[in-house]
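The next block holds one structure in the form of structure tokens; read it before the comments.
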Protein chains: 2
Amino acid sequence: MKKQIILLILCLIPLSAQSLQWQEVMPGVWKTIYGKPDTYNLLSAADIKPNRTAIEKMAKTGLSLAMDKIRAETVNGQVYLRFPLERNEQIFGLGLNFQTVHQRGKILNLRMDHYGGRDNGRSHAPVPFYVSSRGYGVLINTAEYITVYVGTGVRKDSEIPPEARDRNTDRNWTSRPYSDVVEALVPADGVEVLLFAGPTPLDAVRRYNLYCGGGCLPPRWGLGFTQRVHRLYTADQVIEEAEEFEKRGFPLDFIGLEPGWQSRSYPCTFEWDKGRFPDPAGFVKTMLDRGVRINLWTNPYISPEASIYPAIEPYTGSHTVWNGVVPDLNHPRAREILAAQMKKDQVDIGVSGYKIDEVDGYDYWLWPDVAVFPSGVSAVQMRQTYGVLTMKMAEQLYRQRNQRTFGLTRASNAGGAGLPFVIYNDYYSHQDFITALVNSSFCGVLWTPEARTSRTGEEWMRRFQSVIFSPMAMINAWSSGTKPWSFPEVTEQVKYFANLRMQLMPYFYTEFAKYHFEGTPPFRAMALEPGFRIDNRTELASQSLDDNPYLEAVNRECKDQYMAGEYLLVAPMFTGETSRKVLLPQGKWYDFYTGAFVGESREITVTPGWDRIPVFVKDGALIPMMEARLHAPAKNEKINIELRHYGEKPGRYLLYDDDGETFDYEKGVFSWREITVSKNRKGQWEGAISKAEKDKPDNVGKVTFKMMTQ
Amino acid sequence: MKKQIILLILCLIPLSAQSLQWQEVMPGVWKTIYGKPDTYNLLSAADIKPNRTAIEKMAKTGLSLAMDKIRAETVNGQVYLRFPLERNEQIFGLGLNFQTVHQRGKILNLRMDHYGGRDNGRSHAPVPFYVSSRGYGVLINTAEYITVYVGTGVRKDSEIPPEARDRNTDRNWTSRPYSDVVEALVPADGVEVLLFAGPTPLDAVRRYNLYCGGGCLPPRWGLGFTQRVHRLYTADQVIEEAEEFEKRGFPLDFIGLEPGWQSRSYPCTFEWDKGRFPDPAGFVKTMLDRGVRINLWTNPYISPEASIYPAIEPYTGSHTVWNGVVPDLNHPRAREILAAQMKKDQVDIGVSGYKIDEVDGYDYWLWPDVAVFPSGVSAVQMRQTYGVLTMKMAEQLYRQRNQRTFGLTRASNAGGAGLPFVIYNDYYSHQDFITALVNSSFCGVLWTPEARTSRTGEEWMRRFQSVIFSPMAMINAWSSGTKPWSFPEVTEQVKYFANLRMQLMPYFYTEFAKYHFEGTPPFRAMALEPGFRIDNRTELASQSLDDNPYLEAVNRECKDQYMAGEYLLVAPMFTGETSRKVLLPQGKWYDFYTGAFVGESREITVTPGWDRIPVFVKDGALIPMMEARLHAPAKNEKINIELRHYGEKPGRYLLYDDDGETFDYEKGVFSWREITVSKNRKGQWEGAISKAEKDKPDNVGKVTFKMMTQ
């Protein structure tokens, strides 16, 4: 009866448009609530803790979006939102897209799904957040499936209406007329919307990430190298593989075990297979003693043969997945039972983290939208947030031990920025993997362009090079069994880049600290780089009005290069290419390997040679590097740092440091060391590093400077 | 306030499951209403008039589906339906799919859309009707977007649950476990469901079609040949083209004019272009005098420059399409204004019909789901039914004149079987066009595998041959300008088949009469053919558990051959093929061209030669053929008929006849002439035809018999 009374009240809300009341909940963050939103939403599922302090530190600014022009009304029982667009405004984000960066002109049905080869809104992170080139961000905080019309619909009452043209003879006719509005349909009785100020697009993203609690800070070892072994490897085979890495001098920080570690998979028991792993604790210890951590694959569907099955069954959904029950992870009992099993059997014996598979909801491998769950969360809401719920549960297990983890997931969503997991999938286009890396920066997620196997050594090396400049440097050989050295003709090159990954660890670790403390995505789109401009002309697919109308205009967009941290511009090469174009933002840019000047604020063509991935460095940059080594530094181990300076400008760099493993940084146990390079009176470059602060971590050993540009 | 009261009442309906009450509304047709359905639905939009008389003539039968096992409940404010499935049961239908025939194991989001290259429910006819191999049909009569899980979801309380298997080592593990249920999610407060008895799958389809009023009966000329000319042709060029057909001896019954006939297109004025067509009435008359009718392309989006724009604007939706307003065709005023313009300018001067483009709702070329319409029909409901509404409006114009029409549409839906329009689209896979022809028979629509252009003469001939054995024999040259004789190396063959189409007119006309009077689809799937069996084994895409899990099992299905009427089995050849396999149903089958025996109840391999499309004839069949001619017979023109007999069995055939042009057949002005062929006492074949009934149409001239099988 209670339910009916609530519904009855809902029905009395008038159906016509409501004027929206915006409240500035934090500096530069405004919130409105229209109608009666679901109580369960993306941010509540992620249980975010906004980093108010960091947001308050950002420059005070207004919103470059006319709040009074944002409309909400109820149409056919659903919420219809609209946001104005200006001419030439570009929209980025709306989830982890793989083929396009500019979203204006698209219709996206944001739905958690395996990526199906088209940017239509179905993705591993269907985040309802977008960033405008005009420097603001919009989050529609709902766990429903929503459709977003990003400048496609044209209302009769449009303020900037397009002109009707005659397709018979007017060559300027277009199949996609101009639209001045972003429209969204939310199938709910209400919705919460959040606006994030800039002034730059990067600032809007930062504000959004900080509102979600800031980005994750992986343990230092998480930024080393990781190999995932064949799915049926035994303990001995895994140990052998680690030995092989060491013998061949390839770095290795963690190994991922695939389904075979479990006694049953698809659905899973969450128990070790006694045949392949007779002594799990001994095995994990052996590996840890070698400096190699263990990550475990799993999916959350529980086998009838699992020991926890009888206990958890009452807290599972109405439908099975691969005949396994689906824990209602919004129900505390389901979480407790599953987490206890993971803790006892895996986390407590030293397992470092998880790879959470199959939570992206490829339609056929998930509960249908008609399913019900004991906690009352709908099948759709559960689908949109299941990745976040699983990550959250796993992260909590480690947090209780004051131990950081770093793992993999197939699904994230709004609010997930702080969860230390990298998204991966089964798709395998190298080009599209890079575009996903670009787009990950617009929606608070991390993405790995993992290498699995290749047809040629050249492809293997090209993929490997991209992986090195990504959040997780990984070979995923669950099926292929490929090793870094599987293609002898490029083994030396692959080793060079594996070592480079280790050398760059201080740089990437600092960039991740900025993700956490400042909200700045460590790998990001050029569109978020100050001083980057692209002539966003639309290129007609054809000038002939006779052509098939479905050949439509193509937006020129920058989707094959990205920033790796504040100073490095990475422009991957793809198999078969010998040269490529690179768009340089404002200022002078230098070759990463040689320090030579390459260009300034323009498009250049580079021919890097067959075994180099083009990487360019900003003028005045300082890149902190450590020596190449097989494993990440141990907790509080002192490390020698070489600071590489590029270009003509003096450099200033803040190097982040903490113990590398615990959550003590959340309590202030971290340090930023200031490093400067400038010319002395004699015109010679001189470098300096600030003293370590008292009672702060100090893991910096010897510091040397190298002037790369002569 | 009224709206609120209604909603308030809705809210008081209990949310738990209701027991369903089934009412047998006609023999073998049951209906239930769950909850409070939308008042606007697919059948109400189509304004169907069930043919109760014809349904009552069908054999009395029960339903081979356990009605008591059908469940409905409200889940998260939406209707959750489930229907039981038995082992080995196969499901067909659920819209105009292009690549698959068997739908069990699929998830379909039924949504009106341009076909996007995947059978996911988005199609030009997303009809929520399915047929079971067990001989029953189910219609979910709603104009909402619904998702149907066709034997994919597995409930914990499943009656025939699948077995959990270990993917680590069990080679019988499958990524798609067995499911014993069809589930559907209807986002509405209620829904109407109809069940159709068999006993055969074809009978279930027939009952469904008859419930919708029976299939359309085109005018006789509609079954002739039609050419669509280049979009910017002038009146003189069109006349010249018709002359060229005549000169070269190619049949031609109607010519289609593309956008250039209108003064503005995309959006449209619905007015003739005075430059290209200075004297429309004179032009149409000239063409009619040559025996060639005119069909006009249009889309329903009204240009601001149209003379009817000011009048119709108040009755249009909130959003524009190509900057044209969208008539609310559920509003009588919108219909009246638009229809009056079409009548005055086009129908009254002799135009024979329309090609209604762009009503299939390719997302980008339509109003968004947030749009509103004056009549109160939602954007979604309008999208699902807009094709039907436009066809209905056009058909009414002709019905008022007691004149039949035959045209083209890009969109239909449940209830549209009686509307004389054939679906076409922009896709162009010859193979998939045939699969669409197969699938059209499961959902009460017609489909043309139109020929547009080809890379080679071989391809042109192969496409042309398929078109001949389809509901509309058409070349669509709006862009290519291709003529039947454009590939000289196959012109003779193309002409042979164009003539064959004319010769088969009495046969196809009779088959269409069966569509109208008996509900039998004129072009149909082998699965609807009595005595057809296919071993529905599932072929694993790979036997290796290491493979990418997305390579899934493939259903073996019969999707490249079909029945053209009761007696002809058509097995198209595709470019590059020299032979193909054909699955023959029970009984003996004969070659259409030679009368030779080819096989019996089994798979055969045929090598038809480079210029024949394999066509096979049922034992005992009589195929009525007329002489090849350039145009269809005029109203009540007497025609000589040759009856071709095939095989060993005696033959009996009912030849349909009426005036070929008016709706008088609806008032009983038609005849069925009985034709028999049997052996006399001397063992010689003898043919006979019944006398024409008194006061019934009699257009049969001389009758001859030809025994094809020696």
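Can you find, within segment B:111-122, the residue that is surrounded by the most Cβ atoms within 10 Å (Cβ to Cβ) among those that are in contact (Cβ under 8 Å) with a residue 24 or more places away in the chain and in a strand (DSSP E or B)?
My answer is B:Met112.
Which one of the conditions (1) at pLDDT below 95; (2) within 20 Å of B:Cys558 (Cα to Cα) does B:Lys60 fail to meet, given that it meets all the rest?
(2)
Would you confirm, using the coordinates I've provided, whether A:Thr286 is surrounded by fewer than 23 Cβ atoms within 10 Å (Cβ to Cβ) and among the polar types (S, T, N, Q)?
yes
Do we find a residue being away from chain B (no Cβ under 14 Å), crowded, with 22+ Cβ neighbours inside 10 Å, in contact (Cβ under 8 Å) with a residue 60 or more places away in the chain and in contact with a Lys or Arg (Cβ under 6 Å, 6 or more places away or on another chain) anywhere in segment A:202-211?
No, there is no match, as no residue in segment A:202-211 is away from chain B (no Cβ under 14 Å), crowded, with 22+ Cβ neighbours inside 10 Å, in contact (Cβ under 8 Å) with a residue 60 or more places away in the chain and in contact with a Lys or Arg (Cβ under 6 Å, 6 or more places away or on another chain).
Run A:Ala164 past the list (1) more than 10 Å from chain B (Cβ to nearest Cβ); (2) among the hydrophobic types (A, V, I, L, M, F, W, C); (3) open to solvent by 10 Å² or more (accessible area, probe 1.4 Å) and report the number of the one that doesn't hold.
Unmet for A:Ala164, out of (1) more than 10 Å from chain B (Cβ to nearest Cβ); (2) among the hydrophobic types (A, V, I, L, M, F, W, C); (3) open to solvent by 10 Å² or more (accessible area, probe 1.4 Å): (1).
Does A:Val321 satisfy being touching a residue at least 40 places away in the same chain (Cβ under 8 Å), of a type in the set (A, V, I, L, M, F, W, C) and touching a Ser or Thr at 6+ places or on another chain (Cβ under 7 Å)?
no
Which residue pairs have Cβ atoms under 9 Å apart, sit 6 or more places apart or on different chains, and have a first residue in segment A:671-686 that is under 13 Å from A:Leu643 (Cα atoms) and a second that is of a type in the set (Asp, Glu) and open to solvent by less than 70 Å² (accessible area, probe 1.4 Å)?
As it stands, the answer is A:Arg673/A:Asp657; A:Arg673/A:Asp698, since those pairs meet every condition given.
Please indicate, with yes or no, whether at least one residue in segment A:407-419 is more than 20 Å from A:Leu568 (Cβ to Cβ), among the hydroxyl-bearing types (Ser, Thr, Tyr) and out of contact with any Cys (no Cβ under 7 Å at 6 or more places or on another chain).
Checking segment A:407-419: at least one residue is more than 20 Å from A:Leu568 (Cβ to Cβ), among the hydroxyl-bearing types (Ser, Thr, Tyr) and out of contact with any Cys (no Cβ under 7 Å at 6 or more places or on another chain).
Restricting the search to segment B:311-321, which residues are facing chain A (nearest Cβ under 7 Å) and either surrounded by fewer than 24 Cβ atoms within 10 Å (Cβ to Cβ) or β-branched (Val, Ile, Thr) (or both)?
Passing the criteria: B:Ser318, B:Thr320.
Residue-by-condition table, conditions (1) crowded, with 21+ Cβ neighbours inside 10 Å; (2) within 14 Å of chain A (Cβ to nearest Cβ); (3) assigned to a loop (DSSP other than H, G, I, E, B); (4) touching a residue at least 60 places away in the same chain (Cβ under 8 Å):
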position: B:Gly376; (1), (2), (3), (4): no, yes, yes, no
position: B:Thr390; (1), (2), (3), (4): yes, no, no, yes
position: B:Tyr398; (1), (2), (3), (4): yes, no, no, no
position: B:Arg401; (1), (2), (3), (4): no, no, yes, no
position: B:Gly415; (1), (2), (3), (4): yes, no, yes, yes
position: B:Leu419; (1), (2), (3), (4): yes, no, yes, yes
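I'd like to know if segment A:380-392 contains one or more residues that are out of contact with any Phe, Trp or Tyr (no Cβ under 8 Å at 6 or more places or on another chain), of a type in the set (A, V, I, L, M, F, W, C) and within 19 Å of A:Tyr301 (Cβ to Cβ).
Yes, some residue in segment A:380-392 is out of contact with any Phe, Trp or Tyr (no Cβ under 8 Å at 6 or more places or on another chain), of a type in the set (A, V, I, L, M, F, W, C) and within 19 Å of A:Tyr301 (Cβ to Cβ).
Looking at (1) hydroxyl-bearing (Ser, Thr, Tyr); (2) within 10 Å of chain A (Cβ to nearest Cβ); (3) in a strand (DSSP E or B), find the lone condition where B:Tyr130 falls short.
Here B:Tyr130 meets the rest and fails (2).
Out of segment B:419-432, which residues are under 12 Å from the mean Cα position of the chain (by Cα) and of a type in the set (Phe, Trp, Tyr)?
B:Phe421, B:Tyr424
Give just the number: which of (1) touching a residue at least 12 places away in the same chain (Cβ under 8 Å); (2) within 12 Å of chain A (Cβ to nearest Cβ); (3) open to solvent by 10 Å² or more (accessible area, probe 1.4 Å) does B:Tyr364 not satisfy?
Every condition holds for B:Tyr364 apart from (1).
For B:Asp273, state whether it is closer than 28 Å to B:Thr482 by Cβ and touching a Ser or Thr at 6+ places or on another chain (Cβ under 6 Å).
It is true that B:Asp273 is closer than 28 Å to B:Thr482 by Cβ and touching a Ser or Thr at 6+ places or on another chain (Cβ under 6 Å).
Under the condition of being assigned to a strand (DSSP E or B) and in contact (Cβ under 8 Å) with a residue 60 or more places away in the chain, which residue from segment B:251-269 is nearest to the other protein chains (Cβ to nearest Cβ)?
B:Gly256
Across segment B:289-310, what is the number of residues that are open to solvent by 10 Å² or more (accessible area, probe 1.4 Å) and part of a loop (DSSP other than H, G, I, E, B)?
6
Could you tell me whether segment A:499-506 includes any residue that is over 26 Å from the mean Cα position of the chain (by Cα) and either modelled with pLDDT under 85 or surrounded by fewer than 20 Cβ atoms within 10 Å (Cβ to Cβ) (or both)?
For segment A:499-506, residues over 26 Å from the mean Cα position of the chain (by Cα) and either modelled with pLDDT under 85 or surrounded by fewer than 20 Cβ atoms within 10 Å (Cβ to Cβ) (or both): absent.
In the list A:Val182, A:Val138, A:Val191, A:Val148, which residue meets the criterion of being away from every other protein chain (no Cβ under 14 Å) and either surrounded by 23 or more Cβ atoms within 10 Å (Cβ to Cβ) or assigned to a loop (DSSP other than H, G, I, E, B) (or both)?
A:Val138
Restricting attention to segment A:98-110, does a residue exist that is within 13 Å of chain B (Cβ to nearest Cβ), touching a Gly at 6+ places or on another chain (Cβ under 6 Å), closer than 18 Å to A:Gln384 by Cβ and not in a loop (DSSP other than H, G, I, E, B)?
The answer is yes, given that some residue of segment A:98-110 is within 13 Å of chain B (Cβ to nearest Cβ), touching a Gly at 6+ places or on another chain (Cβ under 6 Å), closer than 18 Å to A:Gln384 by Cβ and not in a loop (DSSP other than H, G, I, E, B).
Inside segment A:336-345, can you point out the residues that are buried (at least 17 other Cβ atoms within 10 Å of the Cβ) and either over 28 Å from the mean Cα position of the chain (by Cα) or in contact (Cβ under 8 Å) with a residue 60 or more places away in the chain (or both)?
A:Ile337, A:Leu338, A:Gln341, A:Met342, A:Asp345
Considering B:Gly444, B:Gly407, which residue is modelled with pLDDT of 95 or more and at positive phi?
B:Gly444
Yes/no matrix, rows are residues, columns are (1) in a loop (DSSP other than H, G, I, E, B); (2) more than 30 Å from B:His430 (Cα to Cα); (3) more than 28 Å from the chain's Cα centre (by Cα):
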{"position": "B:Val582", "(1), (2), (3)": "no, no, no"}
{"position": "B:Tyr590", "(1), (2), (3)": "no, no, no"}
{"position": "B:Gly595", "(1), (2), (3)": "yes, no, yes"}
{"position": "B:Arg629", "(1), (2), (3)": "yes, no, no"}
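Looking at segment B:443-484, which of its residues are within 23 Å of B:Met112 (Cβ to Cβ), within 14 Å of chain A (Cβ to nearest Cβ) and open to solvent by less than 10 Å² (accessible area, probe 1.4 Å)?
The answer is B:Glu450, B:Asn476.
Only residues that are more than 9 Å from chain B (Cβ to nearest Cβ) and of a type in the set (A, V, I, L, M): list them for segment A:322-338, please.
A:Val326, A:Leu329, A:Ala334, A:Ile337, A:Leu338
In a loop (DSSP other than H, G, I, E, B), surrounded by fewer than 21 Cβ atoms within 10 Å (Cβ to Cβ) and in contact (Cβ under 8 Å) with a residue 12 or more places away in the chain - does that describe any residue in segment A:212-231?
There is at least one residue in segment A:212-231 that is in a loop (DSSP other than H, G, I, E, B), surrounded by fewer than 21 Cβ atoms within 10 Å (Cβ to Cβ) and in contact (Cβ under 8 Å) with a residue 12 or more places away in the chain.
Among the residues of segment B:378-388, how many are away from chain A (no Cβ under 14 Å) and either of a type in the set (S, T, N, Q) or touching a Ser or Thr at 6+ places or on another chain (Cβ under 9 Å) (or both)?
So the count comes out to 3.
The values are calculated or read from the model by the stated rules, or taken from the named source; none is laboratory data. Not measured: the values here are computed from a predicted model. When we count neighbours, we look across all protein chains shown, and the Cβ atoms used for this are built from the backbone with ideal geometry, even at glycine. Surface accessibility is based on the protein's heavy atoms, side chains included, excluding ligands, DNA and RNA. Shrake-Rupley method; radii C 1.70, N 1.55, O 1.52, S 1.80 Å.
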